[in-house]
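Chemist: Structure in structure tokens, see below.
The values are calculated or read from the model by the stated rules, or taken from the named source; none is laboratory data. All of these numbers come straight from a predicted model, not from anything done at the bench. All Cβ positions, glycine included, derive from the backbone under ideal geometry; neighbour counts span all protein chains shown.
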Amino acid sequence: MKHFFCAAFVIILVVGSLQASETPRFIAQEAQYRVLPVAEYRDKMKAGWIGQIAGVAWGAPTEFRWNTRIIPEADVPVWLPEMINDSFDQDDMYVELTFLRTLEEHGLDVCIRQAGIDFANSEYPLWHANVVARNNLRSGIAPPDSGHPYFNQCADDIDYQIQADFSGLISPGMPNMVIELGNTFGRLMNYGDGLYGGLFVGGMYTEAFFETDIRKIIEAGLACIPPDSQYAEMVRDVLQWYEENPDDWIATWHKIEEKYQRNPDYRRHSCSPGEFNIDAKINGAYILVGLLYGKGDLDQTIIISMRCGQDSDCNPSNAAGVLFTTLGFSQLPARFTEKLDYTTRFIYTEYNVAELVDVSEMLARQIVLREGGRIETDESGAEYFVIPVRAPIPPPLAQSWNPSPITGSLFTEEEMAQIRFRSFRTIEAAVAAILPGWTIKDCGPDMDPGKRNEFRGRQNVLMTHPLNREVPCTLARRVDIPEGKKTVLTMVVSNHPGHDWELVIRINGEVRGVVVIDDAFTNRGWAEIMFDLTSFAGRNILIELENRANGWSFEAGYWASLTIESTTD
């Protein structure tokens, strides 16, 4: 099937506004190539980045607030032009820019082990498959084992799906490069359907440079993944359900909910079995709902994908990136471009928007030549990418619930020497090293909890994270409170910049204090909280300190010290 589909593209394709009489001579001689003016490539690639930025910025306030529910129309944020700059601290952006940096520094043939070292050296907050993989890498588990289900319980999660846009944006019309980049970067943290989600998204981007028909773009992405995978089954399902109800996206949403949320056969390796669902398949379905039912309308594509719920900033980001690419930056409405900040760099990266566009073009030029294409110049000096037409070759089928054996690969001593950060294999080990005498339970994996060498001017601090919205992470310790002395618990704590969490103090199970830890309380640094334990003199008590969610956005708790001191009055 995929060979027949791709054969349909073995024709002469001239992209742009050139008239037949203006067509450069070299174009007419090529039947196995597609031609893309470099200026048009840059325009469309830039639009793809802006679509990704706009989608995540618009949907960010809704992320995971509506699970198994459609976001009410009244709760959709109103787009304002200045919101385009709200993406500079989003993981949708900064992770894939790490991959671009690796390609820039080490070349297109960079090995997966070097990609793993660079990812291990990143310092930004992470979640799910990303954070598990980075911890694996930092502890010496080399890729691809870092993303293997044996070591990564989140291998089917959405992570590479939201990070793969770069692969298509630098590989116009070259789906096999998308697949190769997925094998280098996607396998750092994902496996099976988790990897295929990224290959599918990247494959759609490659076609968006040449095609405006959304169904054909989707089919191009589908051709990049194993046809017998559950992810491919999901794509075919959504296309069929769209045909059955082309004007009723809510009817299709219910069918997606029934099969990919409620049927455990399609969540065999989901990291959470409940309403929260970060599996690549269901969130990939919401990308498609936005693209299909948006019917080419930029706002509606983003809004519909967002209203599907679950990861409702990442999904519209992917959908908008693909759709914006079909148009080009020069054709975008001013509301998405007029307030764009070209100079502020994406947090934790080397790139602002202008630099991002430049490095993408540089890499695209290299990829065209590497893939057997050419860069030609016509008599006026205009450049053209002459890109060979080749059928995508999907990777073999892999399933996270029935994976192949691990490779058993570990980093060498020389490779480990290049990794600046080392992970404690367990959060318990980090607590024992930093807060001796205390124990921990229900620490969630988000944002890479554990030791921080430095945070807000303090050295060797502990970062914790709630298990979920309802279950806090708890630090606990049993102590004897002496009689005849004043005993005080002193806590030195902080918050993630711009966000907050609740510190709940329990004594013998009873809540004795609640403090919101935010920038105002810590003065953008550290706060010292003193809690008097003298009233418990002569008793053995259980102290529990909860890192409780307060809105579910960057809920990390930072602990510099916990001390209990008794002094004579």
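Chemist: Suppose we filter segment 107-151 for residues that are at pLDDT below 95 and basic (Lys, Arg); how many remain?
Modeler: 2
Chemist: Considering only residues that are more than 15 Å from Val238 (Cα to Cα) and touching a strand residue (DSSP E or B) at 6+ places or on another chain (Cβ under 9 Å), which ones fall in segment 273-299?
Modeler: Start the filter on segment 273-299 by keeping residues that are more than 15 Å from Val238 (Cα to Cα), which leaves 273-279, 296-299.
Within segment 273-299, Ile278, Asp279 meet the criteria.
A quick yes/no check of all residues on (1) under 17 Å from Asn352 (Cβ atoms); (2) part of a helix (DSSP H, G or I); (3) in contact (Cβ under 8 Å) with a residue 40 or more places away in the chain:
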site: Lys46; (1), (2), (3): yes, yes, yes
site: Trp49; (1), (2), (3): yes, yes, yes
site: Ala54; (1), (2), (3): yes, yes, yes
site: Gly59; (1), (2), (3): no, yes, yes
site: Arg65; (1), (2), (3): no, no, yes
site: Ile70; (1), (2), (3): no, no, yes
site: Pro77; (1), (2), (3): no, no, no
site: Glu82; (1), (2), (3): yes, yes, yes
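Chemist: On the basis of being modelled with pLDDT of 95 or more and among the aromatic types (Phe, Trp, Tyr), does Phe554 make the cut? Spell out the reasoning first.
Modeler: On the way: modelled with pLDDT of 95 or more: no; among the aromatic types (Phe, Trp, Tyr): yes.
For Phe554, the condition - modelled with pLDDT of 95 or more and among the aromatic types (Phe, Trp, Tyr) - is not met.
Every residue, every condition in (1) within 24 Å of the chain's Cα centre (by Cα); (2) assigned by TED's automatic domain parsing to the domain that holds Phe151; (3) β-branched (Val, Ile, Thr), yes or no:
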position	(1), (2), (3)
Gln418	no, no, no
Ile434	no, no, yes
Gly437	no, no, no
Asp442	yes, no, no
Pro445	yes, no, no
Pro449	yes, no, no
Asn460	no, no, no
Val479	no, no, yes
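Chemist: Residues that are touching a residue at least 60 places away in the same chain (Cβ under 8 Å): find the strands (runs of 3 or more DSSP E) completely inside segment 459-569 holding 3 or more of those. Step through it out loud before you land on a result.
Modeler: Details: elements: 473-480, 486-495, 501-507, 510-517, 527-532, 540-548, 557-567.
Where strands (runs of 3 or more DSSP E) fall fully within segment 459-569 and carry at least 3 residues being touching a residue at least 60 places away in the same chain (Cβ under 8 Å), they are 473-480, 486-495, 540-548, 557-567.
Chemist: Go through segment 396-426 and count every residue that is in a loop (DSSP other than H, G, I, E, B), among the hydrophobic types (A, V, I, L, M, F, W, C) and more than 22 Å from Asp265 (Cα to Cα).
Modeler: Filtering segment 396-426 for residues in a loop (DSSP other than H, G, I, E, B) gives 396-409, 411-412, 417-426.
If we keep only those that are among the hydrophobic types (A, V, I, L, M, F, W, C) as well, we get 397-398, 401, 406, 411, 417, 419, 421, 424.
Within this subset, residues satisfying the condition of being more than 22 Å from Asp265 (Cα to Cα) are 406, 411, 417, 419, 421, 424.
Number of matching residues: 6.
Chemist: All but one of (1) under 25 Å from Leu126 (Cα atoms); (2) part of a helix (DSSP H, G or I) hold for Thr343; which doesn't?
Modeler: It is condition (2) that Thr343 fails.
Chemist: Could you tell me which residue of segment 513-529 is nearest to Val479 (Cα to Cα), considering only residues that are of a type outside the set (A, V, I, L, M, F, W, C) and surrounded by fewer than 14 Cβ atoms within 10 Å (Cβ to Cβ)?
Modeler: In the first step, residues of segment 513-529 are kept if they are of a type outside the set (A, V, I, L, M, F, W, C); the result is 513, 518-519, 522-525, 528.
Filter again for surrounded by fewer than 14 Cβ atoms within 10 Å (Cβ to Cβ), leaving 513, 523-525, 528.
Values: Gly513: 18, Asn523: 31, Arg524: 32, Gly525: 29, Glu528: 21 Å.
Restricting to residues being of a type outside the set (A, V, I, L, M, F, W, C) and surrounded by fewer than 14 Cβ atoms within 10 Å (Cβ to Cβ), the top hit is Gly513.
Chemist: Of all residues in segment 327-352 being over 22 Å from Val78 (Cβ atoms) and free of Cβ contacts under 8 Å to residues at least 40 places away in the same chain, which is surrounded by the most Cβ atoms within 10 Å (Cβ to Cβ)? Break it down stepwise before answering.
Modeler: At the first step, the residues of segment 327-352 found to be over 22 Å from Val78 (Cβ atoms) are 327-331, 342-352.
Adding the requirement that they be free of Cβ contacts under 8 Å to residues at least 40 places away in the same chain leaves 342-343, 352.
On the way: Tyr342: 10, Thr343: 8, Asn352: 16.
If we take residues in segment 327-352 being over 22 Å from Val78 (Cβ atoms) and free of Cβ contacts under 8 Å to residues at least 40 places away in the same chain, then Asn352 is surrounded by the most Cβ atoms within 10 Å (Cβ to Cβ).
Chemist: Now a separate question. Taking Phe324, is it assigned to a loop (DSSP other than H, G, I, E, B) and either among the hydrophobic types (A, V, I, L, M, F, W, C) or at pLDDT 95 or above (or both)? Talk me through it step by step, then tell me what you get.
Modeler: Numbers: assigned to a loop (DSSP other than H, G, I, E, B): no; either among the hydrophobic types (A, V, I, L, M, F, W, C) or at pLDDT 95 or above (or both): yes.
Taking the combined requirement at face value, the residue does not satisfy it.
Chemist: Can you name every residue in segment 364-386 that is in contact with a helix residue (DSSP H, G or I) (Cβ under 8 Å, 6 or more places away or on another chain), over 19 Å from Gly182 (Cβ atoms) and hydrophobic (A, V, I, L, M, F, W, C)?
Modeler: Ile375, Ala382, Phe385, Val386
One line per residue, one yes/no per condition, for (1) surrounded by fewer than 17 Cβ atoms within 10 Å (Cβ to Cβ); (2) under 29 Å from Glu350 (Cα atoms):
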residue: Gln366; (1), (2): yes, yes
residue: Glu383; (1), (2): yes, yes
residue: Ile393; (1), (2): yes, no
residue: Trp401; (1), (2): yes, no
residue: Glu413; (1), (2): yes, yes
residue: Glu428; (1), (2): yes, no
residue: Asp442; (1), (2): yes, no
residue: Gly450; (1), (2): no, yes
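Chemist: Let me ask something else about it. Which ranges mark the helices (runs of 4 or more DSSP H) fully within segment 143-254 that have 3 or more residues being in contact (Cβ under 8 Å) with a residue 60 or more places away in the chain and either surrounded by fewer than 24 Cβ atoms within 10 Å (Cβ to Cβ) or of a type outside the set (Lys, Arg) (or both)?
Modeler: Numbers: elements: 159-163, 165-169, 175-185, 193-208, 214-222, 230-244.
Answer list for segment 143-254: 159-163, 165-169, 175-185, 193-208, 214-222.
Chemist: Working only within segment 289-309, note down all residues that are of a type in the set (D, E, K, R), surrounded by fewer than 24 Cβ atoms within 10 Å (Cβ to Cβ) and assigned to a helix (DSSP H, G or I). Before you say what the answer is, go through the steps one by one.
Modeler: Going through segment 289-309, the residues of a type in the set (D, E, K, R) turn out to be 295, 297, 299, 307.
Of the ones still in play, those that are also surrounded by fewer than 24 Cβ atoms within 10 Å (Cβ to Cβ) are 295, 297, 299.
Correct list: Asp299 only.
Matching residues to (1) under 19 Å from the mean Cα position of the chain (by Cα); (2) within 21 Å of Tyr196 (Cβ to Cβ); (3) at pLDDT 95 or above:
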| site | (1), (2), (3) |
| --- | --- |
| Trp249 | no, no, yes |
| Lys255 | no, yes, yes |
| Gln261 | no, yes, yes |
| Gly274 | no, no, no |
| Gly284 | yes, yes, yes |
| Leu288 | yes, yes, yes |
| Thr301 | no, no, yes |
| Asn315 | yes, yes, yes |
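Chemist: Within segment 107-118, is there a residue that is of a type in the set (D, E, K, R) and assigned to a helix (DSSP H, G or I)?
Modeler: Of all residues in segment 107-118, those of a type in the set (D, E, K, R) come to 109, 113, 118.
Subset that is assigned to a helix (DSSP H, G or I): 113, 118.
Yes, segment 107-118 has at least one match.
Chemist: Which one is surrounded by the most Cβ atoms within 10 Å (Cβ to Cβ) among residues in segment 95-142 that are among the small types (Gly, Ala, Ser) and over 26 Å from Phe276 (Cβ atoms)? Steps first, answer last, please.
Modeler: Residues of segment 95-142 that are among the small types (Gly, Ala, Ser), as a first pass: 107, 115-116, 120, 122, 129, 133, 139-140, 142.
Imposing the further condition that a residue be over 26 Å from Phe276 (Cβ atoms) reduces the set to 107, 115-116, 120, 139-140, 142.
Values: Gly107: 12, Ala115: 22, Gly116: 32, Ala120: 28, Ser139: 18, Gly140: 19, Ala142: 22.
Looking at residues that are among the small types (Gly, Ala, Ser) and over 26 Å from Phe276 (Cβ atoms), I get Gly116.
Chemist: Identify all residues within segment 339-378 that are at positive phi and touching a strand residue (DSSP E or B) at 6+ places or on another chain (Cβ under 7 Å); write none if there are none. So that I can check it myself, show each step before the final result.
Modeler: Residues of segment 339-378 at positive phi: 348, 372.
Gly372, the sole residue that qualifies.
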